[in-house]
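Worksheet: the structure to be examined is printed underneath.
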Amino acid sequence: MYTKKTTKFFMTIDDSVYQKIRRLASKRGITTQEFIRAIIIPEWLDREKKQKN
């Protein structure tokens, strides 16, 4: 049986950045956490991958 391993992490951001993320998430009708997971992290990973190539 395959067991999925997850890793938790904490992130600290400036309040103004949080408020902007919150507004952007709200415009899409999703939570701030969903926005970070679905939009910010994948875009950051893509950008990092492109910079390494």
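The values are calculated or read from the model by the stated rules, or taken from the named source; none is laboratory data. This structure is a prediction, so every number in the text was calculated from the model and none was measured. Here Cβ is always computed from backbone atoms with ideal geometry, including for glycine, and neighbour counts include all displayed protein chains. The accessibility values were calculated without ligands, DNA or RNA, using every heavy atom of the protein model including side chains. Shrake-Rupley method; radii C 1.70, N 1.55, O 1.52, S 1.80 Å.
Using the heavy atoms of the protein chains and a 1.4 angstrom probe, tell me the accessible area per residue for the chain in square angstrom. Each step should come with its number before you reach the end.
Numbers: 5490 Å² over 53 residues.
Each residue of the chain exposes 104 Å² on average to a 1.4 Å probe.
In segment 5-53, taking the dipole from charged Cβ atoms about the Cα centre, the farthest positive-side position among Thr12, Ile39, Asn53 is held by Asn53.
Calculate what fraction, in whole %, of the accessible area of the chain sits on carbon and sulfur atoms when a 1.4 Å probe is rolled over the protein chains.
Numbers: 2970 of 5490 Å².
Summing carbon and sulfur atoms, their accessible area is 54 percent of the total for the chain.
Rounded to the nearest 500, the helix-only mean residue ellipticity at 222 nm of the chain stands at -16500 deg cm²/dmol, with each DSSP H run of n ≥ 4 adding -39,500 (n - 2.57). Taking a Cβ cut-off of under 13 Å around Ile41, the surrounding Lys, Arg, Asp and Glu residues balance to a net charge of -1, with basic ones at +1 and acidic ones at -1. Helix 41-52 and the longest principal axis of the C-alpha atoms of the chain enclose an angle of approximately 60°.
Just order 10-16, 21-27 by mean Cβ neighbour count inside 10 Å, highest at the front, would you?
The packing order, highest mean first, is 21-27, 10-16.
Per residue, how big is the convex hull of the chain when only Cα atoms are used? Give it in Å³.
Values: hull volume 7.1 nm³, N = 53.
Spread over its residues, the Cα hull of the chain gives 133 Å³ apiece.
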